[in-house]
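Below: one structure, written as structure tokens.
The values are calculated or read from the model by the stated rules, or taken from the named source; none is laboratory data. Because the structure is a prediction, the values reported are computed rather than measured. Using ideal geometry, Cβ is built from the backbone for each residue, glycine included, and neighbour counts are taken over all protein chains shown.
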Amino acid sequence: MDSQNVKDTVRQIFTEYLNANGHRKTPERYAILDTIYSIDGHFDIDTLYSLMADHEKFRVSRATLYNTIILLINARLVIKHQFGNSSQYEKSYNRDTHHHQICTQCGRVTEFQNEELQHAIENTKFPRFTLSHYSLYIYGLCSKCERQNKRKLKEKQNNLNKKEK
């Protein structure tokens with residue numbers, strides 16, 4: 001499905017959600033939805049706020065962004081992730097299943113796909129529970145931080161060896 005068809009579909013889903021729940025259909029809410037569905041990958045509120053500030057017609061407050069994000073999460077059009085201390089969001093409609101690797105040192109988040117892992121989770125039988133979707137976060141060190149730590153350790157040991165001599 002091309003990006004315009006996706007945007008038209010999510011707009012329709014959002015309209016139905018707003019109607020069903022008695023919320024107003026404001027141009028700002030639709031501008032936020034359109035901006036989100038123009039972003040590839042994760043974003044935070046600050047990034048979204050900056051993108052919306054560049055929008056000539058719709059300058060929105062942070063409060064409007066937070067309130068609209070909540071509506072979009074409830075409409076299942078956006079997913080909220082908690083990566084460490086930071087809240088990140090991503091569009092959820094028409095997205096491939098993917099997993100997240102989070103570096104515990106620098107906080108970098110990397111998306112990856114693994115069909116074997118995906119099939120294992122999807123084919124797992126859960127007692128008295130039907131799986132609809134899932135998120136998988138894997139925490140550890142990225143290769144850059146791993147190299148940095150090894151280099152620091154090596155320097156520390158070299159300094160200790162020099163002191164012993």
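Here are the numbers for the structure shown:
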item: Pick from region 1-42, criterion more than 23 Å from residue 96 (Cβ to Cβ) and among the acidic types (Asp, Glu), ranking: modelled with the highest pLDDT; result: 16
item: Within region 71-101, considering residues that are among the β-branched types (Val, Ile, Thr) and in contact with a Lys or Arg (Cβ under 9 Å, 6 or more places away or on another chain), the one farthest from residue 136 (Cα to Cα); result: 73
item: Within region 67-115, considering residues that are in a helix (DSSP H, G or I) and touching a helix residue (DSSP H, G or I) at 6+ places or on another chain (Cβ under 8 Å), the one surrounded by the most Cβ atoms within 10 Å (Cβ to Cβ); result: 72
item: Residue match in region 129-143 (condition: in contact with a Gly (Cβ under 8 Å, 6 or more places away or on another chain) and either at pLDDT below 85 or in a strand (DSSP E or B) (or both)); result: no
item: Boolean, residue 60 is aliphatic (A, V, I, L, M), in a loop (DSSP other than H, G, I, E, B) and in contact (Cβ under 8 Å) with a residue 12 or more places away in the chain; result: yes
item: Residue pairs meeting the criteria (Cβ under 6 Å; at least 6 apart or on separate chains; first assigned by TED's automatic domain parsing to the domain that holds residue 6 and in contact (Cβ under 8 Å) with a residue 12 or more places away in the chain, in region 30-57; second of a type in the set (Asp, Glu) and surrounded by 11 or more Cβ atoms within 10 Å (Cβ to Cβ)); result: 42/90
item: Region 43-56: number of residues that are farther than 27 Å from residue 110 by Cα and either in contact with a helix residue (DSSP H, G or I) (Cβ under 7 Å, 6 or more places away or on another chain) or surrounded by 14 or more Cβ atoms within 10 Å (Cβ to Cβ) (or both); result: 1
item: Test: residue in region 5-27 that is of a type in the set (A, V, I, L, M), outside any helix (DSSP H, G or I), surrounded by 10 or more Cβ atoms within 10 Å (Cβ to Cβ) and in contact (Cβ under 8 Å) with a residue 40 or more places away in the chain; result: no
item: Residue in region 43-79 that is modelled with the lowest pLDDT, counting only those that are small (Gly, Ala, Ser) and more than 17 Å from residue 21 (Cα to Cα); result: 53
item: Qualifying residues in region 135-147 (those that are surrounded by 10 or more Cβ atoms within 10 Å (Cβ to Cβ) and free of Cβ contacts under 8 Å to residues at least 24 places away in the same chain) - the one farthest from residue 87 (Cα to Cα); result: 147
